[in-house]
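The values are calculated or read from the model by the stated rules, or taken from the named source; none is laboratory data. Since the model is a prediction, treat every value here as computed from it, not as a measurement. Cβ placement follows ideal geometry from the backbone for every residue including glycine, while neighbour counts extend to all protein chains displayed. The protein model used for the area step is the full one, side chains on, heavy atoms only, and it has no ligands, DNA or RNA in it. Shrake-Rupley method; radii C 1.70, N 1.55, O 1.52, S 1.80 Å.
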Amino acid sequence: MKILAIGRNYVAHIEELGNERPDEPVVFTKPNTALLTKNKPFYYPDFTQDIHHEVELVLRICRNGKFIDERFAHKYYDAIGVGIDLTARDLQAKAKKKGLPWAIAKGFNGSAPLADHFVPIEEIPDVKNINFRLEINGEIRQQGNTSKMIFSFEEIIAYLSKFFLLQKGDLIFTGTPEGVGPIQLGDTMTAYFENRPMLETAVK
Ligand code: MG
């Protein structure tokens, strides 16, 4: 199982971080040790002082494939979940400035809280119109809708499958909407798929 992730996929989020709008998807990976499931708490590590929340929809890949045509890409995922792409923004800023990789800033232990339940595609009326959001201590911080993605799920799958053999069980984080910001000790993050709370992570 591998975790692939897309950066800069929502215009308003690109603007809030002062980044450029990409011509091609911005891709990074997280190791499987980044996964934090079963609503386990997240323990704030001491190597960073600025971890940001990025709520994202996550595709679950259901069959193997490479060089997947965009027209058939919808057959390669069978469910959508919600996750949080926790990012050590201070370490990422340092890496960006030097043109160095984001592996640590994006991939440290527990940096990918993930809902245990995925919503099967059959239960989703329109994948191009899914609302999702993140609340912290009951207050809305991020709200997204898939109609605002720059690259659609199908484009992402087609693109990634050129470089990486997609395998059953792989996860793809599809980018975050605007509203990212720091998490603090004592916070509780709750991620919603439409109005269903799917994931709750306490910061300790
Ligand atoms: Mg992200």
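Annotation note: trypsin sites (Lys or Arg not before Pro) in the range 98-143 located in DSSP loop regions with a Cβ neighbour count of at most 16 within 10 Å are Lys128.
Solvent-accessible surface of the chain, taken per residue with a 1.4 Å probe and all protein chains present: 48 Å². Express the carbon and sulfur contribution to the solvent-accessible surface of the range 55-133 as a percent, rounded to the nearest whole number, probe 1.4 angstrom. Summing carbon and sulfur atoms, their accessible area is 54 percent of the total for the range 55-133. Note that the range 84-137 shows a convex hull volume over its alpha carbon atoms of 146 Å³ per residue. If you plug the beta carbon distance of His74 and His117 into 1/(1 + (r/R0)^6) with R0 = 30 Å, you get a FRET efficiency near 0.90. Among the chymotrypsin sites (Phe, Trp or Tyr not before Pro) found in the range 107-176, those both in a DSSP coil and sparsely packed, with 15 or fewer other Cβ atoms within 10 Å of their Cβ, are Phe164. If I take R0 = 41 Å and measure r between the Cβ atoms of Gln49 and Ser147 in this structure, what FRET efficiency does the formula 1/(1 + (r/R0)^6) give, to the nearest 0.05? Efficiency, rounded to the nearest 0.05: 0.70. In the chain, the calculated helix contribution to ellipticity at 222 nm averages -4000 deg cm²/dmol per residue, counting -39,500 (n - 2.57) for every DSSP H run with n ≥ 4. Based on the Cβ-Cβ distance from Asp23 to Glu194, what FRET efficiency comes out when R0 is 35 Å, to the nearest 0.05? For Asp23 and Glu194, the calculated efficiency is 0.65. If you take the alpha carbon atoms of the chain and fit the smallest convex hull around them, that volume is 108 Å³ per residue. Were the residues from Met1 through Arg63 laid out at 0.36 nm apart, the gain over their Cα-Cα distance would be 21.1 nm.
Taken along the Cα-to-beta-carbon direction at a fixed 7 Å, the label points for Ile140 and Leu100 span 3.9 nm.
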